[in-house]
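**Student:** Below are the structure tokens for one structure; questions will follow.
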Amino acid sequence: MTAPLEIQGPAAPPRSNGELLFAEPWESRAFGLAVGLYEAGAFEWPQFQAALILRIADWETAPPAERGEWSYYRHWLGALEDVLAAAHTVRSGEVTERARRLAERPRGHDHRH
């Protein structure tokens, strides 16, 4: 089972020449975390897409002083946290904390241990 990623629209991941675009290593890890949990049956993809669109819309409608810098993958992680918290799979904040710990590991680290 592969995540049905949108090519266009607010939930579509950044691309360059048709390939997924990650500016930082943590972004690809966040992407993989969401896809892996979806493939494991932790949530339905339409739920995630709706949460991602809502996160992006909330950022767009927030006053500029409250928005912070644009980051698609920060919204991606927030949406993942939302769907997992709604399903009582994890507590709020737990996904972000786990992703932060993973991002701090050195490049090439074996994540199975």
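**Student:** Tell me whether region 82-89 contains one or more residues that are aliphatic (A, V, I, L, M), at pLDDT below 90 and touching an Asp or Glu at 6+ places or on another chain (Cβ under 9 Å).
**Tutor:** For region 82-89, residues aliphatic (A, V, I, L, M), at pLDDT below 90 and touching an Asp or Glu at 6+ places or on another chain (Cβ under 9 Å): present.
**Student:** Hey, could you check region 54-77 for residues that are touching a helix residue (DSSP H, G or I) at 6+ places or on another chain (Cβ under 6 Å), touching a residue at least 24 places away in the same chain (Cβ under 8 Å) and under 19 Å from Gly36 (Cβ atoms) and say which is surrounded by the fewest Cβ atoms within 10 Å (Cβ to Cβ)?
**Tutor:** Ranking the candidates gives Tyr73 first.
**Student:** Scan Ala30, Ala3 and give me the residue that is at pLDDT below 90, surrounded by 10 or more Cβ atoms within 10 Å (Cβ to Cβ) and either farther than 17 Å from Ile56 by Cβ or not polar (S, T, N, Q) (or both).
**Tutor:** Just one listed residue meets the conditions, Ala3.
**Student:** State all residues of region 40-97 that are touching a Lys or Arg at 6+ places or on another chain (Cβ under 9 Å), part of a loop (DSSP other than H, G, I, E, B) and either hydrophobic (A, V, I, L, M, F, W, C) or closer than 19 Å to Gln8 by Cα (or both); if no residue qualifies, say none.
**Tutor:** Val90
**Student:** Still on this structure: For region 7-16, state whether one or more residues are of a type in the set (S, T, N, Q), under 25 Å from Pro106 (Cβ atoms) and without any contact (Cβ under 8 Å) to a residue 12 or more places away in the chain.
**Tutor:** The answer is no; no qualifying residue exists.
**Student:** Continuing with the same structure: Output the residue which, of all residues in region 98-107 that are assigned to a helix (DSSP H, G or I) and charged (D, E, K, R), is farthest from Ala12 (Cα to Cα).
**Tutor:** Arg101
The values are calculated or read from the model by the stated rules, or taken from the named source; none is laboratory data. Remember, predicted model here, so these are calculated numbers, not experimental data. FYI the Cβ positions are ideal-geometry reconstructions off the backbone, even for glycines, and counts take in every protein chain you see.
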